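Enquirer: Okay, handing you the structure first.
Where a number appears in this text, it was derived from the coordinates with a stated rule and is not lab data. Since we're looking at a predicted model, the values are computed, not measured. Backbone-built Cβ (ideal geometry, glycine too); neighbour counts: all protein chains shown.
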Amino acid sequence: MSVRDNANHLLATKLEAVPRRPGVYLFKSQRGDILYIGKAVDLRARVRSYFHRSAQTSPRIQRLAAEIHDVEWIVVDTELDALILENQLIKTYQPRYNVRLKDDKNYPYIKIHWQDPFPKVSVTRRMEQDGARYYGPYGSAWAVRETLDALRKIFPYLTCDRKITGQDTRACLYYDIKRCAGPCIGVVSQEEYRRIVEGLARFLEGDTEGVIAELEAEMWAAAEALQFERAARLRDQILAARMIASQQQVVAQGMTNEDVIALAVDDQVACVQVYFIRRGKLLGRETFFLEGVQDLATVEILTSFLQQFYEEVAQVPDHVVVPTALPDAHLLSEWLSRKRGRTVTLAPPEDERQERLVALAEENAREALRTLAQQWARDQVRQERALAELQQLLRLPTPPARIEGYDISTLQGTSTVGVMVVFVQGVPRKSDYRRFNVRSVQQVLAPDDYTALREVLQRRFRRLVEDTPPDPAAKARRQDQVWKIMPDVVLIDGGRGQLNVAQEVLEAYGLRDSVALVALAKREELLYLPDQEAPLRLPRDSEALKLLQRVRDEAHRFSVYSHRQRRRRQTLQSVLESIPGIGPKRRQALLRHFTSLEAIRQAGVDELARVPGMTRAVAQRLKAALAEGTEAEETHR
């Protein structure tokens, strides 16, 4: 069947123009949303294949082809360039029909600020080309902090932002509990401190024997020099290092550096296990979940994971062992080799040892999926019970499908922020969360939460009842749809006073009988309902109470986060406005490029100068002004 039979005239005309070149293609919906991003050696053949009935063998492709309204493409020189561009675009747009590494933007890394004279160690969720060394990604922040807590006993590194001169009169608490080497008071020199941090880096890279041998040499040298306190401290560090090393299982001979990868798949999600082997030792393993895997073959899921994972990974090993041969193995290997600067092989197991590791990783992936499925089942039962109980409590005709929670956050009336969080079927729907910069409350001695809450609720429900034409921009149209959804329950964080404000707003918009209203007060956890004088005290094990607490706590978390973001942004604006040469346009450009004042402080003059509208002279002035501010803060401390 021809292309024109399966696509509208405009799309068919575009398909005729697709070139026979390597590149990336983007399928779009009628609203302009990007549905899918793919790469091809021959764009014309690949793109047109989606619209031939013979190629639509899976339900996934059929659904995708039915939604495609437009197509764009970007031509590149080579297939490898197409792979790199595809990775970047998928990360930026997260299309619905692409396999998505769940929460991939949030995976944490250990960052050693090696570019600084006295490198500190921190946890970050973003890698930059700033001269620092990065290790990860780790599956969770908990895993990172567990690792660092153990290693800090061996390598007492800096975490503070002090300007290290060695002349401070006293050190912080971390020095007293032997978690910092004390360079600020001159206990160790810059050279000695950097040697400590270099040991940490080597330990993270798997060179445990070499690091322990050096620590032992230092211990015996200190003992011979009658520095018994230093020798004892080194002895304790060696014991801690050996304990960690003993937990690292030897799984390969010699200096083998490889990642062993396996996965398990069910109908909705895939689980990938990655074993990190460095210098023949299993340093650790991480678990990752992938969404958007319905109706996809294992090789497609695995290829998508490899692209997304190694796009952000801090260190690429010599070998990547995968459970099965991949059609794009040569291309992925070439890409990984370019990232690493040396040859990287990507292949199925080549010996019995690798086969055992892949089988073990696969079993762990299946177990993680089973655990996840059990958790989902338990959560679903609990949510259904909570919604049924809430239906009875609020006398609703059906269990409440949509609950909206509201909270206000302020500091003496400044930077006041209100938020709306949304739970659908008892589960947070973060895409529907909204924040409101409150304008009706100015700086006062006693913050007026009632006025702020009234403004937030009025702005929300006015958008529900008023007939406003949809915004021409696709993003705005999606937001319009959120405002037009009627909640079943509105939960207010507060007591009788906050409930009365909410009741007045709903009555003003004719919604009093359409929306159930409840307020949940902290401390006593009492429920206030409009038609009851006395508050309700539900049993502590009530599933309805637990659900309302989750909504209330999530609203509080989101409001505090939003308030901090607004204050941080306002602080940054005020700092920038005080610097000559930075007007509104440059300030806005800097705010768009950097997310915080600390990020601007960390940026070099060259990076500041590359911001649109900036010049090198203004960037130097900005850098000098921020440096003076930092020194003033340190002096004040």
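Enquirer: Answer with one residue from 241, 226, 421: the one whose Cα lies farthest towards the positive end of the charge dipole of the chain, charges on Cβ with Lys, Arg +1 and Asp, Glu -1.
Expert: Positive-end residue among those listed: 421.
Enquirer: If you plug each phi of region 483-490 into the Karplus form 6.51 cos²θ - 1.76 cosθ + 1.60 with θ = phi - 60°, what whole-Hz ³J(HN,Hα) values come out, in order, with x for Gly and Pro?
Expert: 5, 7, 8, 7, x, 7, 9, 10
Enquirer: Using the Cα centre of the chain as origin and beta-carbon charges of +1 (Lys, Arg) and -1 (Asp, Glu), tell me which of 35, 113, 201 is placed farthest towards the positive end of the dipole.
Expert: Checking the options against the dipole of the chain, the answer is 35.
Enquirer: If you work out Cα extents along the principal axes in Å from the coordinates, which of (1) 101, 58, 48; (2) 85, 73, 59; (3) 101, 61, 49 do you get?
Expert: Answer label, from the structure shown: (2).
Enquirer: Between residue 585 and residue 376, what is the spin-label point distance in nm, taking each point 7 Å from the Cα along the Cα→C-beta axis?
Expert: Calculated label separation equals 5.2 nm.
Enquirer: May I pose another question? Rank these for me by crowding, 409, 514, 562, 337, going from fewest to most other beta carbons within 10 Å.
Expert: So the ranking, lowest neighbour count to highest, is 514, 337, 562, 409.
Enquirer: Using a 10 Å cut-off around each Cβ, can you sort 316, 187 from fewest to most neighbouring Cβ atoms?
Expert: In increasing order of surrounding Cβ atoms, one gets 187, 316.
Enquirer: Residue by residue through region 452-459, which ³J(HN,Hα) values in whole Hz follow from phi under the Karplus form 6.51 cos²θ - 1.76 cosθ + 1.60 (θ = phi - 60°), with glycine and proline marked x?
Expert: 5, 5, 4, 4, 4, 5, 5, 5
Enquirer: Here's something else I'd like to know. Just to confirm my numbers, what's the Cα centroid distance between region 182-246 and region 503-519 in Å?
Expert: 66 Å
Enquirer: What FRET efficiency comes out for residue 343 versus residue 540 if R0 is 56 angstrom and r is the Cβ-Cβ distance? Round to the nearest 0.05.
Expert: Plugging the Cβ-Cβ distance into 1/(1 + (r/R0)^6) gives 0.40.
Enquirer: Also, quick follow-up: Taking GluC sites (Glu not before Pro) as candidate sites, keep only those in a DSSP loop with at most 10 other Cβ atoms within 10 Å, then name the longest stretch of the chain containing none of them.
Expert: Answer - 1-465.
Enquirer: How much length is gained if the chain between residue 553 and residue 187 is pulled fully straight, taking 0.36 nm per residue apart and subtracting their Cα-Cα distance, in nm to one decimal?
Expert: Roughly 127.3 nm would be gained on extension.
Enquirer: First measure r as the distance between the Cβ atoms of residue 42 and residue 294, then evaluate 1/(1 + (r/R0)^6) with R0 = 35 Å and state the FRET efficiency to the nearest 0.05.
Expert: Given R0 = 35 Å and the Cβ-Cβ separation, E is 0.85.
Enquirer: Using the Cβ atoms and a cut-off under 13 Å, what net charge is assigned to the surroundings of residue 461, where Lys and Arg are +1 and Asp and Glu are -1?
Expert: Computed value for this residue: +3.
Enquirer: Here is a follow-up. Residue 609: net charge of surrounding residues, Cβ under 12 Å, Lys/Arg +1, Asp/Glu -1, itself excluded?
Expert: Local net charge: +3.
Enquirer: For region 358-411, build the charge dipole from Cβ charges (+1 Lys, Arg; -1 Asp, Glu) around the Cα centre, then report which of 391, 409, 364 sits farthest towards its positive end.
Expert: Working it through, the farthest residue towards the positive pole turns out to be 391.
Enquirer: Another one. Can you sort 335, 73, 114, 376 from fewest to most other Cβ atoms within 10 Å of each residue's own Cβ?
Expert: Result, fewest neighbours first: 376, 114, 73, 335.
Enquirer: Using the crude model of +1 on Lys and Arg Cβ and -1 on Asp and Glu Cβ, and no other charge, please compute the dipole size for region 258-370 relative to its Cα centre, in debye to 20.
Expert: 620 debye
Enquirer: Let me ask something else. Can you compute 3J(HN,Hα) from phi for each residue in region 263-269, using the Karplus curve 6.51 cos²θ - 1.76 cosθ + 1.60 with θ = phi - 60°, rounded to whole Hz and x for Gly and Pro?
Expert: 8, 10, 10, 10, 5, 10, 8
Enquirer: Separate question: Decide, for region 127-242, between rounded, prolate and oblate: order the square roots of the alpha carbon gyration tensor eigenvalues as a ≥ b ≥ c, take rounded if a/c falls under 1.5, and otherwise choose prolate if a/b is larger than b/c, else oblate.
Expert: Note, shape of region 127-242 comes out oblate.
Enquirer: Work out the length of the dipole vector of the chain about its Cα centre, built from +1 on the beta-carbon of each Lys and Arg and -1 on the beta-carbon of each Asp and Glu, and round it to the nearest 20 debye.
Expert: For this selection, approximately 1560 debye.
Enquirer: In the neighborhood of residue 175, defined by Cβ-to-Cβ distances under 13 Å, what is the net charge if each Lys or Arg adds +1 and each Asp or Glu adds -1?
Expert: +4
Enquirer: Quote the FRET efficiency, to the nearest 0.05, computed for residue 496 versus residue 356 with a Förster distance R0 of 56 Å and r equal to the Cβ-Cβ distance.
Expert: 0.30
Enquirer: Using the structure shown, list the pairs from 28/430; 430/522; 91/546; 39/281; 39/111; 120/430 with a Cα-Cα distance above 29 Å, or answer none.
Expert: Violating the 29 Å Cα-Cα cut-off are 91/546; 39/281; 39/111; 120/430.
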